[in-house]
1. Checking the structure you have, find out if any residue of segment 498-513 is open to solvent by 50 Å² or more (accessible area, probe 1.4 Å), in a helix (DSSP H, G or I), in contact with a strand residue (DSSP E or B) (Cβ under 7 Å, 6 or more places away or on another chain) and at pLDDT 95 or above.
2. Are any residues in segment 455-464 assigned to a loop (DSSP other than H, G, I, E, B) and surrounded by fewer than 19 Cβ atoms within 10 Å (Cβ to Cβ), and if so, which ones?
3. What number goes with the only condition from (1) touching a helix residue (DSSP H, G or I) at 6+ places or on another chain (Cβ under 7 Å); (2) open to solvent by less than 20 Å² (accessible area, probe 1.4 Å) that Ala437 does not pass?
4. Of all residues in segment 395-414, which are more than 23 Å from the chain's Cα centre (by Cα) and either farther than 18 Å from His469 by Cα or of a type in the set (Val, Ile, Thr) (or both)?
5. Please tell me if Thr404 is among the hydroxyl-bearing types (Ser, Thr, Tyr) and in contact with a helix residue (DSSP H, G or I) (Cβ under 9 Å, 6 or more places away or on another chain).
6. Is there a residue in segment 62-83 that is buried (at least 21 other Cβ atoms within 10 Å of the Cβ), out of contact with any helix residue (DSSP H, G or I) (no Cβ under 7 Å at 6 or more places or on another chain) and either among the charged types (D, E, K, R) or modelled with pLDDT under 75 (or both)?
7. If I filter segment 32-55 down to residues being outside any loop (DSSP other than H, G, I, E, B) and open to solvent by 10 Å² or more (accessible area, probe 1.4 Å), which single residue comes out as farthest from Ala319 (Cα to Cα)?
8. When segment 379-393 is examined, which residues are found to be open to solvent by 10 Å² or more (accessible area, probe 1.4 Å), touching a strand residue (DSSP E or B) at 6+ places or on another chain (Cβ under 7 Å) and not basic (Lys, Arg)?
Amino acid sequence: MAVVREFTLPDLGEGLTEATIVHWLVEVGEVVAIDQPVVEVETAKAMVEVPCPYGGVVTARFGEEGTEVPVGEPLVTVAVGAVPEDLAGAVPSTEPGSGTAAQGGAPEAGAAAAPPASASAPGSSAEGGADAGSGNVLVGYGTSAAAARRRRIRPGGASPMGGAQRPPGGAASGPAGVAAADHAPGGSGGVHAEAAAVGAAGGAGITGAYGAAGAGAEEAGSRTVAVISPLVRRMAREHGLDLREVTGSGRDGLILRTDVECAIRELREREPAGAAPLPGAVTPAAPSPGVARPAGAAAGAGALPEEERIPLKGMVGAAAEKFSRSRREIPEATCWVDADATELLAARRAMNVPGAPKVSLLALLARICTAALARFPQLNATVDTKAQEIVRLPAVHLGFAAQTERGLMVPVVRDAHVRTVEELSAEIARLTETARAGGLSLAELTHGTFTLNNYGVFGVDGSTPIINHPEAAMLGVGRIAAKPWVHEGELAVRQVVQLSLTFDHRVCDGGTAGGFLRFVADCVEAPALLLRML
């Protein structure tokens, strides 16, 4: 006998109160396993795949893609313990006047009277524990037992199923019948379809069997598509790209972001002139009725574009709030200095010999930062405004600014003060790639103590960045460019960089800030100074 359980959006940590639905990973009528991801959401800090603690048949989804869902609101309802012959009784009816188990109404004749979701603990089961919920809803956590086989229910002899009526605060979505389509490119990303067909008792029409596979594996026909990154799947969807036609360059054929970008370029090059634009392509906006055109302007090319409004939600909204709070609370000041980086570039070339681990310039600057913070610990601090105390922190968790398609992100290298240059380089490279793929966890984006901002990659010399609240300082690095410079008493062309330090004037005075920045500049000009710190 099936029991309908309601799974609500869990508390994803770090004080987050809502999330935006990015992509549904399951359809109504699909069989899901315990701890299987059912929806991909975007929080103010990261993209997260949310696993459902119940195993059974999905009877309803709440919220369309792009909808903001508060914590505690329903995401899906699952018929736990459902088997093909009693699916009709497990699924709530959507006919007028009929009650649903999720809403506490009277069940239909012959249907199971399902208790509300709160009637049983997540670890209980209606069938002796076979489909018990794990209670683990955070990504990376789950049961140790093998995942149950996942099946997609197709229309057949079984009674049609519809989504449950939405309780106050949410709207159920889903087809009136059982989902019958195979996995499309950019679909669930968590399972792959097996080629075997499984017979179903009672003519329920179960035609596909699904088993647990590596994250991101999908199959349509006989071609397995290996995709891990949700960003890669989304890019393919938006540009109408069939991932089955893309050859992955990653390990074991994994499709990377660069593979999809190359495929999109090739698709556009093959597109005949005058053809319809690809899905997701930007087209000139048609003027709204009543919008005046300039005198003499044609109705086509000369039309004024409409204004665009971008909601301050998700990561964009969180960043805006953090910037505003930093400016409201922190009395910041900035000092800067030019430095000759010629010797630093020469040291990097000497370290990057064939066969040795590659060392990035950002890793060298990170190592210089940790050495400077060891000498000037006042800047590795935060201010406790409630207790009116300056808190000096024992460990350096170094954040670095990374520009991604989803906006500015600041991944954090944990315990940077105990890492070598090679270790810093490897960790920075890993975090950067993960950030661009949209896969950073909350732990990798929070609790930094000092930030390194390399805005020189944008071709600019200087900046006065906003401190990453609640930290106390940020080191900015401009572009390294050939400039005239007095070297050993003679004018020469050298590789010059501008360094800036923005600091919280509550934690130190100008003398400490100037000493820190001067030490960084000296290490840039003479990297051998770092050897004295080892």
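The values are calculated or read from the model by the stated rules, or taken from the named source; none is laboratory data. What you see is a predicted model; the values in this text were computed from it and never measured. Heads up, the Cβs are rebuilt from the backbone with ideal geometry, glycines too, and the neighbour counts pull from every protein chain shown. Ligands, DNA and RNA are stripped out before the accessible areas are found, and what is left, the full protein with its side chains, is counted by its heavy atoms. Shrake-Rupley method; radii C 1.70, N 1.55, O 1.52, S 1.80 Å.
1. no
2. Once the filter is applied, which keeps residues that are assigned to a loop (DSSP other than H, G, I, E, B) and surrounded by fewer than 19 Cβ atoms within 10 Å (Cβ to Cβ), segment 455-464 yields Gly459, Val460, Asp461, Gly462, Thr464.
3. Every condition holds for Ala437 apart from (2).
4. Passing the criteria: only Val396.
5. Values: among the hydroxyl-bearing types (Ser, Thr, Tyr): yes; in contact with a helix residue (DSSP H, G or I) (Cβ under 9 Å, 6 or more places away or on another chain): yes.
Yes; evaluated as a whole, the condition is true for this residue.
6. no
7. Kept after step one, since they are outside any loop (DSSP other than H, G, I, E, B), are these residues of segment 32-55: 32, 36-42, 47-52.
So of that shortlist, the ones also open to solvent by 10 Å² or more (accessible area, probe 1.4 Å) come out as 36-37, 42, 47-49.
Details: Gln36: 30, Pro37: 27, Glu42: 14, Met47: 15, Val48: 18, Glu49: 21 Å.
Among them, the one singled out is Gln36.
8. Within segment 379-393, Thr382, Val383, Asp384, Ile390, Val391, Leu393 meet the criteria.
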